[in-house]
Each structure stands twice: as C-alpha cells, then as structure tokens.
Amino acid sequence: MNQIYPKALVEITDTLCRLPGIGRRTAQRLALSLLEWSPEELRRFGEQLSVLLTKVVFCEVCGNLSDHSTCWICEAPERDRTAVCVVEHASQIAVIEACRSYNGVYHVLGGRLVPLEGKGPEDLRLEELSARLAGGTVHELILATSPDVEGEATAHYIASEFARPGLTISRIAAGVPVGADLSYADSATMAMAMGGRRPLEGGGRL
Ligand SMILES: [Zn+2]
C-alpha cells in the first residue's frame, strides 16, 4: 500500500506515538519538524538517545535516577539520614524536592503492590529497604505512595512489615487528591501533604 510519507518518517512517527500524551497527529508534526533540524543537531539527538540507558543509572542506596552510582541526595552531607521517604517512582522525588519542605532521604520502591497484575512484595525494593533500616540510623519512615487503593495497600503492607520499636512510620496527609498520580502533584499540595503527615499504626495486611 502506498503511504503518504516515506517509510523512515512513518517509523519515527510510530515511535513518538509511544510517548505519554503524544497522539498520532502530534507525533507526525514532531517527526516532520525533525526534518528541519541540521544534520549536526540530528546526530547529537541520536547520540543522546543511544547513550541514555548507559548514562542514567539507579542510585545504589535509594534507587533514584542518577549520573553516578550514588545520587546527589544520598551524597549530600546536610540531608537528614534519620528520615526516609518511601516513593513508588523516582519521578516523585522531583515533586517532593520542589516543595522544599523535606530534608530527609528517599527510598524508591519501583512500583506498588498490584495483586491483580501479579505484582507482589518481591517485585518492590523492599529487601533493600529492610537492609537500610537494619543499620539503626533511620527513625522515621514516611510513606508517600499514591493516595489510591493500591498506594494505600502498599503503605499498609510496609507499615505492618517494618513496624519496630524506635521507628515512627507515617503516611503523607490527605491533601493530595485521591487517585492522583504523585509524579504530577504541584509543590504546594505536596508541601501540605508532607507537613500534615500522621503516624500509621500497625497497618493491615493484604
Ligand atoms: Zn540515592
């Protein structure tokens, strides 16, 4: 079948379509606009894409996205290592950092419990969290998982698994809209949620 556009352009359009929020028409517009770039600009873009997976690594301590084996937050001497804020994804760290009301460190779970999709505790970075708590430095665990059913279930699971004397486990306050994706919460909402966190007692099991 004849295509309106050359095959290479259609292929790039198909790829761009896979990005979140990009529909077919936008993808096509983006692909066409790439043709207006200079060969040098296009070559640089191609290079940036090809090294993305080798240049961006996960922090060995917290799981954050990083340039090095340890992220800038874990390396910063002024951060309070007695508080660990547990998030589902690294993108949520940027949102909490933007609210400038938290000076502790983080732990990225790499998702949340979704029993219907077969995603259980062994799929989250819980062993790493357990190892961090074993050191005895951490006094507060702040559970900043999403305020929807799965996020709540994940928070309660962690609260029940990690409860121990000398460790306060708290949950970020309502203020983040229920069902909201924390990666996109605005910083004022996030600051309110962090400031109004409350202790989570015991927690139920799944
Ligand atoms: Zn880190």
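The values are calculated or read from the model by the stated rules, or taken from the named source; none is laboratory data. Just so it is clear, the model here is predicted, and its values are computed rather than measured. Glycine gets a Cβ as well: all are built from the backbone with ideal geometry, and neighbour counts include every protein chain shown. Note: areas computed on protein heavy atoms with side chains; ligands, DNA, RNA excluded. Shrake-Rupley method; radii C 1.70, N 1.55, O 1.52, S 1.80 Å.
Taking residue 136 as the residue in question, decide whether it is at pLDDT 95 or above and in the same structural domain as residue 194 (by TED's automatic domain parsing). Can you show your working first?
On the way: at pLDDT 95 or above: no; in the same structural domain as residue 194 (by TED's automatic domain parsing): yes.
For residue 136, the condition - at pLDDT 95 or above and in the same structural domain as residue 194 (by TED's automatic domain parsing) - is not met.
Taken together, 27, 98 contain a single residue that is touching a helix residue (DSSP H, G or I) at 6+ places or on another chain (Cβ under 8 Å), farther than 23 Å from residue 200 by Cβ, in contact (Cβ under 8 Å) with a residue 60 or more places away in the chain and open to solvent by less than 70 Å² (accessible area, probe 1.4 Å), which is 98. Between 63, 46, 110, the distinction of being outside the structural domain of residue 173 (by TED's automatic domain parsing), within 14 Å of the ligand (Cβ to nearest atom) and either under 12 Å from the mean Cα position of the chain (by Cα) or not in a loop (DSSP other than H, G, I, E, B) (or both) belongs to 63 only.
If you go through region 151-167 one residue at a time, do you hit one that is among the aliphatic types (A, V, I, L, M) and over 19 Å from residue 199 (Cα atoms)?
Our first condition is that a residue be among the aliphatic types (A, V, I, L, M); within region 151-167, this holds for 153, 155, 158-159, 163, 167.
When the remaining residues are screened for being over 19 Å from residue 199 (Cα atoms), the result is none.
No, region 151-167 contains no residue that is among the aliphatic types (A, V, I, L, M) and over 19 Å from residue 199 (Cα atoms).
Take the residues of region 68-104 that are assigned by TED's automatic domain parsing to the domain that holds residue 150 and of a type in the set (Ser, Thr, Tyr): which is modelled with the lowest pLDDT? Ranking the qualifying residues of region 68-104, first place goes to 101. Taking the criterion of being surrounded by fewer than 20 Cβ atoms within 10 Å (Cβ to Cβ) and near the ligand (Cβ under 9 Å from one of its atoms), the residues of region 66-89 that qualify are 70, 72, 73, 74, 75.
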